[in-house]
Amino acid sequence: MTFGREQRDALLDSLDRALLTWPDHDTFALAISETVQHTGYAAADVEHQLRQVILRASGRAMRAVIEAELGANPDLTGAPEEVLVLASGGVPGLAIEGIAAAIAVGAKALVRPSRDESVLFHFLSGIRFWEPALTEQVELVGMSGEEVPWERADAAIVFGSDETIAFVRDQLGGDAARRVAAYGSRQGIAVVLPGADVDGSWAERLADDVCTFRQHGCMSPSWLYVVGSEAATQPLVAAVGRELAFAAPRHTAPGIEDSIAHRRQHDSTTLSAIAADLTPGSSQLFAGEAQLTVVRVDDYAALRTELARLGTLLQTAVIAGPYDERPALAQVLLEAGCTRIALPGSAHEPDRLWPQDGIGRVAPLLGVVPRNR
C-alpha cells in the first residue's frame, strides 16, 4: 500500500538526515575510492558528482520537485506503490536519485543495481544504521542471477540505453509501462560563437565538461558547433583541441590508461558516429576516450538545420560567446529541443529542480506531463 502524507514527509526528513550525514562517514570515502578503482574517473570528479546527487536527492529538493512538477497540493492517491529503479553505473549515484523520486511519491523503491554500480551499496550500508526506517523503503532486486520481480512494479525509473528502456516497458506491460521515467540516449552539445575567446578560460572549462566521466551520460558535450566564418572560428576550434589534451589527465585517476584503443562502447559513441555520417565536413577532436565532433555553420539558420539532424537526441547545451548574443542563441537551442542551457564548466551541475531530460523526475511515475516542462 502506498504510504500516506505523514509517513512520506517523515521519510523525506529521514532522507535529508541521511544525505547530510553521508559525506562525513567512511562509506562516502569508500564510494569514491571504489568508483575511482572501477572506472578510472578522477576522485575529484566523483566527489563533486556525489555532492550534486546529495543536493538533487535531498528531501527538501524532492518536495520542491513535487510542487514544481505536480503543483502545490498534488493528488498522489494514484501514485505507484512500488517503483523499479534501474540505473547505469556510468555516472555515479544515479540510483540514489531514483530512490529519492520513488519515496517522494510515496512508493517503495525496488532497486536493481547495475553491474557497474560502485556507490549505491556504500550509501545503503550507512543508512542501515543512521535511518533504518528509510532502509525499509528500499529493496534490492535481481541480485545474484535472480529474476527481477516485474509483476510487482507499478512504475519504473530507468537510466540506460534505449534498448534497455524498451525492454523494461515490454516487461512491465499495461499501465505500468506508461509510468516509466526513461532517461535514455541523449546528446550533450556545445555551441561557440566568435568572441568567446575574450574570456581566456572558456576553452579550458569546456574541455572539462567534455572529459568528465568520459562522456558517459548526456550532460557532457559530444558535439561542438562553431558559428561563423572559417577564419573566425578556426582559432576557437584550435583552442578547444589544445585544452582537451591538457584536460584529459585531470579527469583520469593516476595509473589508468585512457586511450581510444580501449574505448568503451556506449550510447554517446554510437550516436555520434551515426550522426557524423549525416554531417559532411565534420571533424573530430580527441582527448583519450572522449571524442568531440566539430561542425562549423555560417549562422543560426544553418545551426537549426544541423541540430535538426539530431532529432530528439538533444539535451544539455553548453554555450560560449559574447554576453549579448546568449539570449538569442539560447532561444535557438530551446526551440531545437535542448532541455538545458549551461555555461562552460557547469555542464555537470544541474539545478536541483531540473526535470532530467526534460521529461520530469516524478511526474512520469504518475503518468502525467510535468507542469514546469
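The values are calculated or read from the model by the stated rules, or taken from the named source; none is laboratory data. Everything numeric in this text was worked out from a predicted model, so none of it was measured. Positions of Cβ are backbone-derived with ideal geometry, glycine not excepted, and every protein chain shown enters the neighbour counts.
Only residues that are in contact (Cβ under 8 Å) with a residue 12 or more places away in the chain and either exposed (fewer than 15 other Cβ atoms within 10 Å of the Cβ) or out of contact with any Gly (no Cβ under 6 Å at 6 or more places or on another chain) (or both) were counted across segment 23-36, and they come to 8. Is it fair to say PRO113 is touching a Leu at 6+ places or on another chain (Cβ under 7 Å), outside the structural domain of GLN215 (by TED's automatic domain parsing) and buried (at least 24 other Cβ atoms within 10 Å of the Cβ)? It is false that PRO113 is touching a Leu at 6+ places or on another chain (Cβ under 7 Å), outside the structural domain of GLN215 (by TED's automatic domain parsing) and buried (at least 24 other Cβ atoms within 10 Å of the Cβ). Confirm whether PHE167 is surrounded by fewer than 23 Cβ atoms within 10 Å (Cβ to Cβ), without any contact (Cβ under 8 Å) to a residue 12 or more places away in the chain, within 21 Å of LEU30 (Cβ to Cβ) and of a type outside the set (Val, Ile, Thr). So PHE167 fails the test. Of the candidates ASP45, ASP16, the single residue that is crowded, with 22+ Cβ neighbours inside 10 Å, assigned to a helix (DSSP H, G or I), assigned by TED's automatic domain parsing to the domain that holds ALA95 and not basic (Lys, Arg) is ASP45. Here SER118 fits the description: closer than 18 Å to THR27 by Cβ and of a type in the set (S, T, N, Q).
Within segment 192-215, residues that are touching a residue at least 60 places away in the same chain (Cβ under 8 Å) and assigned by TED's automatic domain parsing to the domain that holds ASP299 sit with their Cβ atoms under 6 Å from residues that are hydrophobic (A, V, I, L, M, F, W, C) and in a loop (DSSP other than H, G, I, E, B), at 6+ positions apart or across chains, in these pairs: ASP209/ALA347; PHE213/VAL91.
What number goes with the only condition from (1) under 20 Å from VAL53 (Cβ atoms); (2) in a loop (DSSP other than H, G, I, E, B) that GLY126 does not pass? Only one criterion is unmet by GLY126, namely (2).
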